[in-house]
Structure formats: structure tokens, C-alpha cells
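A quick write-up on the structure given underneath.
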Amino acid sequence: MTRRDDLPFRTNVGAILRRDDGLILMAERIHMRDTWQFPQGGVDKGEDLETAMWRELEEELGLSPPQDTCAIIAQGPAVRYVYPPELDIPIARRYAGQEQTLFLLRYTGGDDDFDLDFHRKPEFRAVRWLSPEAAVDLMWDIKRPVLVETLKALSEHL
């Protein structure tokens, strides 16, 4: 296990896709069964948060271009979470955790617009639409505080 006290936090963005019926999209990780989260990923060097978010939607959900079916409603606050000591994955050896900014998006497409095999290394096996409350319950434990704080900050838009 890596001691993470002196490691930096990785800048990360994610997207909460909301349909007009108020349900939001969650995706199940392909290599971690029953681990649900939002489409998300690191911000590349020279990339701003919004550009990174659009790129992640295309890579992870196959929305190409995502702007055809998504529109930004609001941007949440940057919230940090720490990787637990038992999490033994390559990224957790380089970073203490992530500082994640979630964007709330209006989604006007259909489920057939998703192509989870779009990217050469797919990250998700399934998607589902849930109420924000059910999404909090289903969210991967280490990322739950980010979602709770973001939903609170964006509550007027939900």
C-alpha cells in the first residue's frame, strides 16, 4: 500500500446527465461489478474543465458529439475525495485522491444514443436512470460525499 499523505490530488470532472423527468444517469464500471458512478475523468494538461467534461462524455458514453444531446445547466463546486488505503490501482499510487467538479447537464437524447464500446478501452458495462436520492444510495462509497455536496449546491436546478 502507498502512503498518500504527500501525494497531490488529481483534477477531475464528471457529468450528471438529467432527463426532463428528473432522473439522472448512473453507469456501472466494467471492471468493478456493482460499482456505479457518473461519467468522469481527469483533466488533461492544457484542457479546461468544460472541454474535459465533453471529452469524457464522448469517450465513456459514446455521445458523438455530446453537445448534440446535452446542454450545461450548472457547474458544481470542486470537491475532494481521498482514495482509501486498500484501493490498490495505479492511479491511487500517484494521487491522494481527486478534486472533482461535476457539471449538471440536460439530456435530450435517448438510450440508443449511448455506445459504451465507443472507446478502445470501455469503462462502463451498463447505465441506468435513477432519482437523485437513489443515485446517492447507489454511488460508490468513496465518491458519495462529492455527489451529496454537489446535489446540495445544485439543488435549485434539479
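Derivation of every value follows stated rules applied to the coordinates shown; laboratory data play no part. Fair warning: this is a prediction, and the values are worked out from it, not measured in the lab. Here the Cβ positions follow ideal geometry from the backbone for every residue, glycine too, while neighbour counts run over all protein chains shown.
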Inset, instruction - Just check the stretch 11-157 against the gyration tensor rule for me: Cα atoms, a ≥ b ≥ c as the square roots of the eigenvalues, rounded for a/c under 1.5, and otherwise prolate or oblate depending on whether a/b exceeds b/c. - result: rounded
Legend entry - Relative contact order (%) - the stretch 11-157, alpha-carbon pairs under 8 angstrom, separation at least six: 35 percent
Legend entry - Reachable lysines from K45, criterion Cα separation under 27 angstrom, eight or more residues apart if same chain: K121, K143
Legend entry - Gain on full stretching of the segment that runs from H31 to D6 - 0.36 nm per residue minus C-alpha separation: 6.2 nm
Legend entry - 5 angstrom amide H check on D115, placed H, neighbours 5+ away: G62, L63
Legend entry - Exposure proxy order (Cβ contacts within 10 Å, fewest to most) of I30, I91, I24: I91, I30, I24
Inset, instruction - Note the angle between two axes, namely the Cα long axis of helix 49-61 and the longest principal axis of the Cα atoms of the chain, as a number of degrees from 0 to 90, rounded to the nearest 10. - result: 80 degrees
Legend entry - Between helix 144-153 and the chain: long-axis angle, C-alpha atoms, 0 to 90°, nearest 10: 50 degrees
Legend entry - Ranked R19, R33, criterion: other C-beta atoms within 10 Å, fewest first: R33, R19
Legend entry - the stretch 13-18 - phi-based ³J(HN,Hα) in whole Hz, Karplus 6.51/-1.76/1.60, Gly and Pro as x: 10, x, 10, 9, 8, 10
Legend entry - Potential lengthening between K45 and E133 on full extension [0.36 nm per residue; Cα-Cα distance subtracted]: 28.3 nm
Inset, instruction - Distance between Cα centroids, the stretch 115-158 to the stretch 73-110: provide it in whole Å. - result: 10 Å
